[in-house]
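Read through the structure below, which is laid out as structure tokens, and then see the notes.
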């Protein structure tokens, strides 16, 4: 029998990408997944009986340019607390400051960091409790030529182009930043992630300009620009967008997820494609807190455990076009998340202040990055 470098022994292994949900061992060798099976042997082993073992969780919407932007959080501390192995920074940096993000944060981070590059030259540069200047509100900052040049040089790390539109993010510019970002994304052959807040523009106008494979984040917003009608149906233009291949991502954050919207959408069998936290220096204090809290909210709203895990593993990996992530297929990256599924009474709150008395909670018990186990605090 082969002796592997490291084995997670006896956990409930859930890998939606392969239809796995059973008690098993997961083995890692040379920093990659070796196999899922029973009775596997490792030079180092960790007993995880009674816990969940999933492919490394992917948080598709984070802000981790720590020290370089006011909204950045420490990537390793966040990863350990939420058992996230891959962090997708969504537009904290633009082409004018991406080099600093890469050299001072991404290159030094144990958790994997990939990035959507902001179409705005300086990224999200003025976001705090006291100062909030939408970077898309000034057309002078739109930098399509620089964006294409920087993204093309950093394709190993940059996965797409980020643009923020809405009254707060783009002011009177409306959809113009989105149109500029789309030009850059098309030139690069990359997808976009599009932020939407309050109108203008409207959600329908934004979706009409998005292409198959683009990601709409903040997709279960409260009113206004909510995807649900007043009587709880899914807006027809939202259904049409999904048919065209638009990817719907939660991006909870400080103002972008409401239980009322979630209930309406799930009741109509409109599930999110991806569940993400939009963690930043403000939302990490609540109501988002972290990825596991956001995933737990969807468990308590009625999504199955397997589907919630799919939305933080297989689906974001597909959106990123990184099939080696979010799976325990042999040869995939050697990442895993070790979680506890706790029963009890847990108070959850959304961005409009509604509370939900939940009966379940996912919590972090550790993570594996490149075949190396890291404890959660």
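Fewest-first ordering of 113, 145 by other beta carbons within 10 Å of each residue's beta carbon gives 145, 113. Most simply put, the stretch 121-237 has about 20% antiparallel DSSP beta bridges, counting only bridges with both residues inside it. For the chain, modelled as a GNM whose springs connect Cα atoms under 10 angstrom apart, the maximal fluctuation among 16, 236, 316 occurs at 236. Set the Cα radius of gyration of the chain against 2.2 N^0.38 Å, with N its number of residues, and you get 0.95.
Mean residue ellipticity at 222 nm, helices only, the chain: -6500 deg cm²/dmol; runs of at least 4 DSSP H residues each add -39,500 (n - 2.57), and the sum is divided by the number of residues. When the Gaussian network model of the chain links Cα atoms closer than 10 Å, the mean-square fluctuations of 364, 340, 208 top out at 208. Of the residues 277, 363, 136, the one that moves most in a GNM of the chain with alpha-carbon contacts below 10 Å is 363. Here the residues 327, 90, 226, ranked from fewest to most Cβ neighbours within 10 Å of their Cβ, fall in the order 226, 327, 90. Between the stretch 232-276 and the stretch 322-341, the alpha-carbon centres lie 26 Å apart.
Ordered by the number of other Cβ atoms lying within 10 Å of each residue's own Cβ, fewest first, 311, 219 fall into the sequence 311, 219.
Quick note: the coordinates plus some simple rules give every number you see, no bench work behind them. In this text the structure is predicted, and so the values were computed from the model without any measurement. Quick reminder, even Gly has a Cβ in these numbers, built from the backbone with ideal geometry, and neighbours come from all protein chains shown.
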